[in-house]
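Everything on this sheet refers to the single structure shown next.
The values are calculated or read from the model by the stated rules, or taken from the named source; none is laboratory data. Just so you know, these numbers come straight off a predicted model, no measurement behind them. Quick reminder, even Gly has a Cβ in these numbers, built from the backbone with ideal geometry, and neighbours come from all protein chains shown. Note: accessible area is taken over every heavy atom of the protein model, side chains too, but ligands, DNA and RNA are not part of it. Shrake-Rupley method; radii C 1.70, N 1.55, O 1.52, S 1.80 Å.
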Amino acid sequence: MKSKTKSNKGAMETGKRFRNGVRVKSRMNRINLLLFIYIPLFLVSCSSAKIYTKADAKSYSMRHRTLAILPPRINIEAGRKDNPENRQAQETTETINAQNEIYSRFLYFVQREKLYLDIQPIEKTNAKFSEIENLYDMPPDELAEILDVDAVLYTDCILSSKKNVAGGIVYAIIFFPYGTPVGIMMATMSTNSVDINMKLYDGPSGYLLYSYNNGFAGLGTKYVFLIDRATKKAIKKMPHYRK
């Protein structure tokens, strides 16, 4: 009887340890999975924004009814092994993506009645750009007249990307052993950076009313996500924005 009781007790303890072990392992797998999913979102940083607002910008903005978002001028920093043709093709793609993202963010605030502006469809804006060469070289007042809008938004972006091998190794060491998978991910993924400069001009006068300059970076974060983040912050500082 004693041996049977001891045997049952041992089996229960073994089963308990096994279940706890499985439970702990399963929990750690879930934690690692969540880290894989969310770490890139948390590792998004921005520098201090440089903002200029004309002293009487509010009086000009109150007269604005229409705004044109010009195709952003995208410059991708070249690496030593980059092919110039491939880089140019990527710049064209990123220009389209960025303009769509900026346009969507403006419409988001218009829909929520934070901006009382009619945002010109980008298809209409781009059609004018395809008809006339060197529109970017024109003064803002002439460009606004051609586009038939009250204000124009210029955007310049410098895009860059680099590996974060050292940061990944440090993370893996500090949070060993559970941080090792995330550290490996950080070491293999690229940190993308966007330096963005947005300028808002009054159409009739051509005056610069507002300028927003900032840098954003994120591990494994797409450029359009960083541009959208910048646009969101820039709009909230615009003279048109209603709190």
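Just a few scattered comments:
- Test: residue in the stretch 64-75 that is out of contact with any Cys (no Cβ under 6 Å at 6 or more places or on another chain), over 30 Å from R242 (Cβ atoms) and at pLDDT 75 or above: yes
- Matching option when the condition is more than 22 Å from the chain's Cα centre (by Cα), under 19 Å from R73 (Cβ atoms), surrounded by 15 or more Cβ atoms within 10 Å (Cβ to Cβ) and modelled with pLDDT of 85 or more, among L159, L143: L143
- Options E133, E123, E85; residue that is assigned to a loop (DSSP other than H, G, I, E, B) and free of Cβ contacts under 8 Å to residues at least 40 places away in the same chain: E133
- Condition check for Y154: open to solvent by less than 100 Å² (accessible area, probe 1.4 Å), assigned to a strand (DSSP E or B) and not β-branched (V, I, T): yes
- Filtered by the rule that a residue be modelled with pLDDT of 95 or more and either under 15 Å from G206 (Cα atoms) or part of a helix (DSSP H, G or I) (or both), the stretch 42-54 gives T53, K54.
- Test: residue in the stretch 110-119 that is at pLDDT 95 or above and within 25 Å of D137 (Cα to Cα): yes
- Selection from the stretch 226-241 of residues that are part of a loop (DSSP other than H, G, I, E, B) and aliphatic (A, V, I, L, M): M238
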